[in-house]
Amino acid sequence: MKKKVLKWLGGLSAFLLVLILIVGFSFSDPQADLNIANPVEGKTIVLSEVPTEFTKVGVFKSSVDFHSPNNNGIQGRDFYGQRITVGGNPNVDRIDIGITSNLISRVEIWNGDELIEIKELGFMDKMTWGDTQRLYVEMTDETNSRYSGKSEVKMRFTKGTGFFGDIGTLSFDLSKYGSFSGEKTIDVFQKPLIAQKGLQKGGFSNLRVWRNFASAD
């Protein structure tokens, strides 16, 4: 009897695993509107100029692969990620979002040269130094009726795909800062928060942009 139960549980586990993989594949991201193999810091992408087959207003989404240097044990602190600039908002014109070299998810809200708000959240899983991970960024503004006038930016730093392998996540409600429906640009960045000699820079690759991404949920 015990063997039959174990066999049944093993079969059920295998079925559920296959089901999860099928569902994950079914809801995988559509092909990106833009792919840049080797993004260069300072070379911005104007979102409205990215050609897309999806004309319905969705969620702006991007991802970039990040090769993290082995800075474990060095006291300096760097901030790496994606930069979004927004036109037509008198309160906010730049959002820096990504991860720090001391294992923190971080977003900075800027207006000109003034840093007006910071949010940080510790990683929920270990990061492998010297490996390549992926940073996803999504942003929605009040023009998307699905989100009832809400503006938000969020990120996932992951070593896997789908809902597996997340290392760090962060979301930030932008609604209190007014309209974010203006022209947007995308860039990658790397900057010191606490400078120190010997801190190695990481590298970006495979920047992908979805201009009007429609998620499965």
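The values are calculated or read from the model by the stated rules, or taken from the named source; none is laboratory data. Everything numeric here is computed off the predicted structure, so don't read it as measured data. Heads up, the Cβs are rebuilt from the backbone with ideal geometry, glycines too, and the neighbour counts pull from every protein chain shown. SASA here: full protein model, heavy atoms, side chains in, ligands and nucleic acids out. Shrake-Rupley method; radii C 1.70, N 1.55, O 1.52, S 1.80 Å.
Looking across region 89-108, the residues that are at pLDDT below 95 and either among the hydrophobic types (A, V, I, L, M, F, W, C) or open to solvent by 30 Å² or more (accessible area, probe 1.4 Å) (or both) come down to 99, 102, 103, 104. Restricting 125, 141 to those that are among the charged types (D, E, K, R), touching a residue at least 12 places away in the same chain (Cβ under 8 Å) and within 18 Å of residue 47 (Cα to Cα) reduces the list to 141. Of the residues making up region 102-121, just one is under 16 Å from the mean Cα position of the chain (by Cα) and part of a loop (DSSP other than H, G, I, E, B), namely 103.
The residues on offer are 111, 38, and the sole one that is more than 30 Å from residue 179 (Cα to Cα), open to solvent by 10 Å² or more (accessible area, probe 1.4 Å) and modelled with pLDDT of 80 or more is 38.
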